[in-house]
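Quick notes on the structure that follows.
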Amino acid sequence: MPTPAFSALRPDWLSDPKVWRTEILAGLVVGLALIPEAISFSIIAGVDPAIGLFASFTMAVTISVVGGRRAMISAATGAVALVIAPLNREHGFGYLVAAVVLAGAFQIVLGVLGVAKLMRFVPRSVMVGFVNALAILVFMAQVPEMHDVPWAVYPLILGGLALMVFFPKVTKAVPAPLVSIVVLTAITVAAGIAVPTVGDKGELPSSLPAPGLPDVPFTWATLTTIAPYALAMALVGLMESLMTAKLVDEITDTHSSKTRESVGQGIANIVTGFFGGMGGCAMIGQTMINVRVSGARTRLSTFLAGAFLLVLCVVFGPVVSDIPMAALVAVMVMVCFATFDWHSVAPKTLKRMPAGEIVVMVVTVVCVVATHNLAIGVVVGTITAMVVFAQRVAHFTNVTSVTAPDGGSVVHSVTGELFFASSNDLVTQFDYAKDPDRVVIDLSAAHIWDASTVAALDAITTKYRQRGKTVEIIGLNRPSAERYERLSGGLSSTD
């Protein structure tokens, strides 16, 4: 009999046959879908298709153990391929592998330093734009597979979509994408239909990868050459991985360790580099297949996605090569439809949503689609959201004035958040010439956030004193008082 402690530590898939079946089938579907993606990204990076396939295997298997987000898929990705392609083209494959290892080290350092905490500054409107842009990019990646192809491709894609829509109404015991892939492959092979297949993308590997050190001189010159590419890869990989983890958190209503995920991505890239892989990060499209379409929730599906990928390529290469690309295109189109947040663009939603939020979402989508880089879109979208927020909060600052009955003093009550965007206009809201000789500025309903506000208050008091009037600032809360006392009088070059 297992002890209670062992039962608590035992994964769900060991004790629940239904979960076990779901995870295995999900891993098989993702493994199949990874093959053409990995081959395509290998072409982008300028390396042999086997390199991308091996990288997807080592990334998925390693991250299933060390990652912080269960059921998330990491493999070779287009974003990473775009970053390291110039290095491979200009210096050779050895430098690419060395950059992957160094990028993994950078990611571990960034993870330990707490870079994952920056994710709390990514607003929801950016997240929605990120998801919608991802769906658009994934669909755009399928368009070449539907252009200038035999006419039979189109009914096959439509048939695959129909199977994925209606088969779950019959049973959910087997993932609909897997059924679609098997049925379409059987039809094309049995009927001898000539359509593009997985084998047309490139030759599948026939042996296991072997570990080894990067074939580069271990010199300072090598380090300076690969460091910029490695840092760019580390940042892009972490951005996509953490955004994907946050998305899966929302879909599954569970929490994940972003710090562990950051470190795990670094470890996975180091392992991948030592096996001669091109590196990678979280794959949102494949993760959506795993989590949303197939219903996977544990690390087993991630591990099996990598394991099945290798077995399918090495052992069942000839069979996998016969899978029509139309079947995989249908799966990815369904993923696009399921990933896109249709509620965010519904007329009722747009009418209720503040204009600033819509602008942030649109900017994020446009930047991602224009650059084909999810990280750039997230950064630009977040900066836009901060500007919109600053402008919105700045308008909440108000000054109301009450003059004493005898006309000898006036109390200016300031309301709102005082920071660089609002405090710059604060100076113009006082009548320095006509105010009485005694001026009281009441900040009970305000808060001082930065040095710009202290400098503005210094400017206000200086203008009054130049006219021979006394100024008293009252009502400061403790943080504001401490900031004011520390900075007041020391910000102007004339002091």
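Would you mind stating whether THR371 is among the β-branched types (Val, Ile, Thr), surrounded by fewer than 16 Cβ atoms within 10 Å (Cβ to Cβ), outside the structural domain of LEU82 (by the TED database) and closer than 27 Å to MET233 by Cβ? Working first, answer last.
Values: among the β-branched types (Val, Ile, Thr): yes; surrounded by fewer than 16 Cβ atoms within 10 Å (Cβ to Cβ): yes; outside the structural domain of LEU82 (by the TED database): yes; closer than 27 Å to MET233 by Cβ: yes.
So THR371 fits the description; yes.
For the range 391-409, which positions are open to solvent by less than 100 Å² (accessible area, probe 1.4 Å) and under 45 Å from the mean Cα position of the chain (by Cα)? Outline the logic, then answer.
The initial filter retains those residues of the range 391-409 that are open to solvent by less than 100 Å² (accessible area, probe 1.4 Å), namely 392-394, 397-404, 407-409.
If the condition is that a residue be open to solvent by less than 100 Å² (accessible area, probe 1.4 Å) and under 45 Å from the mean Cα position of the chain (by Cα), then ARG392, VAL393, ALA394, THR397, ASN398, VAL399, THR400 are the ones that fit.
Please enumerate the residues belonging to the range 248-260 that are of a type outside the set (Asp, Glu) and assigned to a helix (DSSP H, G or I). Selection gives VAL248, ILE251, THR252, LYS258, THR259, ARG260. Could you say whether any residue in the range 155-166 is open to solvent by 70 Å² or more (accessible area, probe 1.4 Å) and not β-branched (Val, Ile, Thr)? Checked the range 155-166: at least one residue is open to solvent by 70 Å² or more (accessible area, probe 1.4 Å) and not β-branched (Val, Ile, Thr). A search for C-beta distances below 9 Å between a residue of the range 324-337 that is more than 18 Å from ILE187 (Cβ to Cβ) and any residue that is part of a helix (DSSP H, G or I) and of a type in the set (Asp, Glu), counting only pairs 6+ apart in sequence or on different chains, returns MET332/GLU37; MET332/GLU145. Every condition in (1) buried (at least 21 other Cβ atoms within 10 Å of the Cβ); (2) over 26 Å from PHE57 (Cβ atoms) holds for LEU238 except the one numbered (2). Scan the range 261-280 for residues that are touching a strand residue (DSSP E or B) at 6+ places or on another chain (Cβ under 8 Å) and part of a loop (DSSP other than H, G, I, E, B) and the total you get is 1. Looking at the structure I just gave you, is VAL101 over 22 Å from LYS201 (Cα atoms) and at pLDDT 95 or above? Yes; evaluated as a whole, the condition is true for this residue.
The values are calculated or read from the model by the stated rules, or taken from the named source; none is laboratory data. Here the structure is a predicted model, which means the values were calculated and not measured. Please note: Cβ atoms are built from the backbone with ideal geometry, for glycine as well, and neighbour counts cover all protein chains shown. The area values use the complete protein model at the heavy-atom level, side chains included, leaving out ligands, DNA and RNA. Shrake-Rupley method; radii C 1.70, N 1.55, O 1.52, S 1.80 Å.
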